[in-house]
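The values are calculated or read from the model by the stated rules, or taken from the named source; none is laboratory data. For clarity, every value in this text was computed on a predicted model and none was experimentally measured. Here the Cβ positions follow ideal geometry from the backbone for every residue, glycine too, while neighbour counts run over all protein chains shown. Remember, those area values only see protein heavy atoms, side chains included, never the ligands or the DNA or RNA. Shrake-Rupley method; radii C 1.70, N 1.55, O 1.52, S 1.80 Å.
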Amino acid sequence: MSDGIAIDADGWGPTLAAALIGAERAPARQAAGPLAELPQTGDAGGDLLAQIGAVGAYHLAGAGIGPGAFAPIEPFEAVGPECPPAAAARFVTLIGSGGSQSGMIEEWCDVAAQGGFRLPPELLPLLEDWRGTHASEALRQSIAGAELAWLDRACGAAASEPTKGDAMDSSEAAGEGDAEPAIAPAGAASGADWTEGTLAVRREAFANFRERDPEAARKALEGAFKSEKADARAAFLGALDIGLSFADEPFLESCLDDRAGDVRRTAQRLLPYLPGSRFLERMAARVTAALRIDEQRHMIVSKKHALAVTLPEEAPDLVRDGVEPSQYAWKKKGAKAQLLEQILRHAPLKAFASHPPKVWIEQALKSEWSDSLLDGFVAAQSRERDLSWRDALISTLREANAGKLAGVKPSGDIRDALARSLAGLPQADWEREVARMLKAPGLDLLLATMEQGRESYSPFFTAAVFDWLALRVRGGPESTGPLRKGSLISRLGKRADPSEDCEAAAAAIVSRLPDDFDTYLRHQLNHMAETLSLRATIRREFATR
Amino acid sequence: MGLTAAQILDLAPDASSRKAGQDQAKPAKWSALARTGEVIWGEIKGSGASPYRTVADLSGPASKCSCPSRKFPCKHALGLMLVEAASPDAIKEGEQPDWVTAWTKGRATRAATAEAKADAPAKPVDEKAQAKRRQARDDKVTAALDELDLWLRDLMRRGLASVRTEPYAFWDRMAGRLVDGQAPALARRVRALPGLLAAAPRGGAPKPEEALALAIGRIGLILRAGRRLDALSPEQAASIRAAIGYPVSAEDLAARPGHADQWAVLAHTIEEDDKLTARSVWLAGRQSGLLAQILDYGTPGSPLPPAPPAGQDFSGEIAFYPGDPPLRAVLRDGKSAASPAGPLPGSGDIASGLQSWAGALASAPWLDRWPLRLSKVRIGSALTGTGQDRLFGIGDATGSLPFLAEPRTRALVAASGGREVDLFGLYDGFALNPLALSVDGRIYVAPAQDPRPFLRRVA
């Protein structure tokens, strides 16, 4: 063993060279030292064969490097409790289950972060490999931020250990990743330069840059924009929705003339969120041209309104702002009606300031183009979150849905619009509304509202929903038939409150299903109970030490 | 004592069974769950008309299920054991139904029969016929070795640089000839040669040509020694016979002396050929300090036998196969036991580890790797043998070793926390492939059947 490396001290170098070029061209030379006594047979091939065997073993037996060349990594002291073994095992299972449970990984991390738990160090690479959403980066930092930073430092210190970027590049170049893993960019991205790496890495880095300093990030992007490829331009532009402000307006406006459709669409998506932008001004002007309410006074006191609609024509300036008919529209509508709807969707609500919201909505309901107008209003409201419009939409649509608005027939469109408007309510109000519907006889509005609704329910509301569901599934095919639509039931598992009581309530519903129960719905109910049980189990596993 | 979920999942024959087993691990899916001591049973609804009956003995671990699956253990048995592991209290003591009693009785009877058979006086051997068979095999092997010798000498005359372009058939033909000549272990070595040339560059591994030269050198050594068996000591000759592929008969193995000890199960490793799964269970004796490799083969038709899980102890007797240095062994009587905290049995510093490697090579120079047990080493950046690259590795006051670069290295570094660790791994003269790690009383192993970059904490 030596501190320096003397490759040929044992004669292995020349022996290997001879083996490579062959005994015919390089007659076997005698090894030095203790192997000098190797017997010669006169057959060059045989002698060389004996020599590589003996010298090779001798060479390997002497392998080893002295302590001088070794540099230990710095120790790391973890702060905070490590998550319990059962929870750690769950993490390994979840992260191995592929895409099907990616939401569950996020939930696991969330529960861990709330409990102040750290991820056990031996699992860190799994967390690094996990490609979550942008939000998962924060979770990652909160359950293993210090550990990941230390690990990166430690790996950086081992100089020629492939860094993450290198590992990715080399594995991509080789077209395979089995020698060294392509490690996800997660940890490195936060500190990395956004101009280097793969597009996903760069986008992540740019998003972080934008979060730190929106102004500088936009200026940097503006400077480099022309030289980027189309998909990169669209990806970076999409990241501007982090910290979007009016200062971004000129740049976004200029992007409406970009060569790439994706870039134009991204700009069209972001601009409506900038009050006072030229984009919104143009839309407001178009609304004024298309819609007009005429007032007719009757007997001095009562007023009668009439909505006059001038459908817009297709035009290049409309196309520039993303207003064009789609062949793939979900509802069947005429081309011009589609243009009208899109103008409304992207218009500022102040364009309707001439009359109260209620008047506009009533007139829209009575109009020939009621579904286009309604969809436009609901979309504009949910973008601007205007409270007077929200309340007017809810109250007017509720009247119309109940058939109490003169001249308006209740329809599926009205019901869906109402459900979408209700989704704008604060959580507690929304749950109160739906809890009331649970007790009412009709199902259509309830189901539509729940489809549109919240991604997490309070314990009180979960209990109410499960009570209602337990009654429903006992009611026979007429009662359960409507539940088969959509994936409402199986999604309940993700939305319900993950307490043990709710878990038990869901399990009870499943266990009491009659034998001849609808197979599809049974599957959905099972899925719901399993998902909820998994979520409750995740929490239990953190609670038990 | 119960098994942990991770240990149960290690019993699974493949990844899909592992996943399916976890799906069955929900108490709600089971009915009539009960236990008597270590024996647990239950019924589960499958696609069949009547529910499947599953029973498992955790002390084995062994299991039986009435489902038609050919996998063993099946997903139901895994699920049943996982239910027990997740909440041992959920399964209450109960009276054994007939089918459970039948199974436990059957096991006991089989064990007794096997014992009786082992104790019974051996049938008189027709020594003449035996000698004749042995001679026939020796002749066949000698012929195959002659052919291999010719082929290798020819190879050496041409030079190894020229064989890069040879097709797979070039190697496979020789390997096939060795199989016909009843030298299967040599055949495996020959068949592995083209893979060495085609291997992707990997940190810590030798260059393809160098790996090929060393592998051919080893084959040459076995060949040379195989023709001079008479001149070798019985143990050395046994090593060579094993390297050629002579089987060791059950009687010979039964006659080997037993080594009773509390064996720490250090790690499991699995190597998969296209049809053969070779599993090694690495043991270290707590009193004797001996190291043993329990090698079992599994094929699609006959699954791997159960093995004591990594991180626990195996308290009982093992017997070494004949050979020098002794390494391969079989388990005899004994059972899993809890593992006491403490240092890795028989471990030492890096210099003594390298000494043991050199010692092993001195007795068997055709070894391609050797298990090292190292204590109180730090993880850091080490030079590779060429002195040009830096890789993760270990070091102490007496020397340093690089790790073989692999996806799990990062997890290993993370688990060490930069502190002093005890380490078990396989060394090939170039780099160390770490398999188990002990830090501050915590033990981590590389999961044998899960390629993902993490370690499993087992204690």
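Scanning the range A:72-99 for residues that are modelled with pLDDT of 85 or more, within 8 Å of chain B (Cβ to nearest Cβ) and not in a loop (DSSP other than H, G, I, E, B) yields a total of 6. The residues of the range B:387-404 that are surrounded by fewer than 22 Cβ atoms within 10 Å (Cβ to Cβ), of a type outside the set (D, E, K, R) and at the interface with another protein chain (Cβ under 7 Å from one of its Cβ atoms), listed by number, are B:387, B:397, B:398. Of everything in the range B:406-428 that is open to solvent by less than 10 Å² (accessible area, probe 1.4 Å) and at the interface with chain A (Cβ under 7 Å from one of its Cβ atoms), the residue that is nearest to the chain's Cα centre (by Cα) is B:411.
Only residues that are within 13 Å of chain A (Cβ to nearest Cβ) and without any contact (Cβ under 8 Å) to a residue 12 or more places away in the chain were counted across the range B:137-155, and they come to 4. Screening the range B:344-364 for residues that are part of a loop (DSSP other than H, G, I, E, B) and either within 9 Å of chain A (Cβ to nearest Cβ) or at pLDDT 90 or above (or both) and picking the one that is nearest to residue B:222 (Cα to Cα) gives B:364. Being more than 9 Å from chain A (Cβ to nearest Cβ), open to solvent by 40 Å² or more (accessible area, probe 1.4 Å), more than 16 Å from residue A:76 (Cβ to Cβ) and touching a residue at least 60 places away in the same chain (Cβ under 8 Å) holds for only one residue in B:459, B:436, and it is B:459. Would you call residue A:508 exposed (fewer than 13 other Cβ atoms within 10 Å of the Cβ), of a type in the set (A, V, I, L, M) and either at pLDDT 85 or above or in a helix (DSSP H, G or I) (or both)? Yes: the conditions hold for residue A:508. Filtering the range B:44-60 to residues that are open to solvent by 10 Å² or more (accessible area, probe 1.4 Å) and either under 28 Å from residue B:312 (Cα atoms) or among the basic types (Lys, Arg) (or both) leaves B:45, B:53, B:57, B:59, B:60. Looking across A:481, A:493, one residue alone is exposed (fewer than 14 other Cβ atoms within 10 Å of the Cβ) and assigned to a helix (DSSP H, G or I). It is A:481.
Scanning the range A:172-216 for residues that are more than 14 Å from every other protein chain (Cβ to nearest Cβ) and either modelled with pLDDT under 50 or on the phi > 0 side of the Ramachandran plot (or both) yields A:185, A:189, A:190, A:191, A:197. Figure legend. Inter-residue proximity from the range A:284-297: first residues more than 18 Å from residue A:338 (Cα to Cα), second residues of a type outside the set (S, T, N, Q) and assigned to a helix (DSSP H, G or I), beta-carbon distance below 7 Å, spacing 6+ or different chains. Indicated pairs: A:293/A:359.
Just to check your reading of the model, which residue among A:454, A:472, A:436 is farther than 20 Å from residue A:377 by Cβ, surrounded by 13 or more Cβ atoms within 10 Å (Cβ to Cβ) and free of Cβ contacts under 8 Å to residues at least 12 places away in the same chain? Testing whether each residue is farther than 20 Å from residue A:377 by Cβ, surrounded by 13 or more Cβ atoms within 10 Å (Cβ to Cβ) and free of Cβ contacts under 8 Å to residues at least 12 places away in the same chain leaves just A:472.
The set of residues in the range B:51-92 that are part of a loop (DSSP other than H, G, I, E, B) and without any contact (Cβ under 8 Å) to a residue 60 or more places away in the chain comprises B:51, B:58, B:66, B:67, B:68, B:69, B:70, B:74, B:91, B:92.
So in the range B:226-244, with the set limited to residues that are more than 17 Å from residue B:189 (Cβ to Cβ) and assigned to a helix (DSSP H, G or I), which one is most open to solvent (accessible area, probe 1.4 Å)?
If we filter the range B:226-244 for residues that are more than 17 Å from residue B:189 (Cβ to Cβ), which is where we start, we get B:228-238.
After this cut, where a residue has to be assigned to a helix (DSSP H, G or I) as well, the list is B:229-231, B:234-238.
Values: B:229: 39, B:230: 154, B:231: 74, B:234: 111, B:235: 67, B:236: 58, B:237: 14, B:238: 18 Å².
Selected residue: B:230.
Residue-level check: of (1) surrounded by fewer than 20 Cβ atoms within 10 Å (Cβ to Cβ); (2) part of a helix (DSSP H, G or I), residue A:337 misses just (1). None of B:313, B:333 is charged (D, E, K, R) and either in contact (Cβ under 8 Å) with a residue 40 or more places away in the chain or closer than 18 Å to residue B:402 by Cβ (or both) except B:313.
Pairing each residue of the range B:351-363 that is under 20 Å from residue B:433 (Cβ atoms) with any residue that is open to solvent by 50 Å² or more (accessible area, probe 1.4 Å), provided the two are 6+ apart or on different chains, yields C-beta distances under 7 Å for B:354/A:1.
Quick grid of which residues meet (1) open to solvent by less than 50 Å² (accessible area, probe 1.4 Å); (2) assigned to a helix (DSSP H, G or I); (3) of a type in the set (Ser, Thr, Tyr); (4) at pLDDT 85 or above:
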| site | (1), (2), (3), (4) |
| --- | --- |
| A:354 | no, no, yes, no |
| A:359 | yes, yes, no, no |
| A:375 | yes, yes, no, yes |
| A:383 | yes, yes, no, yes |
| A:390 | yes, yes, no, yes |
| A:393 | yes, yes, no, yes |
| A:405 | yes, no, no, no |
| A:408 | yes, no, no, no |
| A:414 | yes, yes, no, yes |
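Remark: pairs (first residue in the range B:108-128, under 16 Å from residue B:254 (Cβ atoms); second residue hydrophobic (A, V, I, L, M, F, W, C); Cβ separation under 8 Å; 6+ apart in sequence or on different chains) = B:118/B:254. Among the residues that make up the range B:441-450, is at least one of them within 11 Å of chain A (Cβ to nearest Cβ), touching a residue at least 24 places away in the same chain (Cβ under 8 Å) and closer than 28 Å to residue A:58 by Cα? Within the range B:441-450, none of the residues are within 11 Å of chain A (Cβ to nearest Cβ), touching a residue at least 24 places away in the same chain (Cβ under 8 Å) and closer than 28 Å to residue A:58 by Cα.
Does the range B:176-218 hold any residues that are without any contact (Cβ under 8 Å) to a residue 12 or more places away in the chain, open to solvent by less than 40 Å² (accessible area, probe 1.4 Å) and not in a helix (DSSP H, G or I), and which are they? Result: no residue meets the conditions.
Say whether the condition of being modelled with pLDDT of 85 or more, more than 7 Å from every other protein chain (Cβ to nearest Cβ) and crowded, with 17+ Cβ neighbours inside 10 Å is met by at least one residue in the range A:15-29. Yes - at least one qualifying residue is present in the range A:15-29. Each residue in the range A:505-544 was checked for being among the hydrophobic types (A, V, I, L, M, F, W, C) and under 26 Å from residue A:115 (Cα atoms), and 10 pass. The set of residues in the range A:225-244 being surrounded by 14 or more Cβ atoms within 10 Å (Cβ to Cβ) and assigned to a helix (DSSP H, G or I) consists of A:225, A:232, A:233, A:234, A:235, A:236, A:237, A:238, A:239, A:240, A:241.
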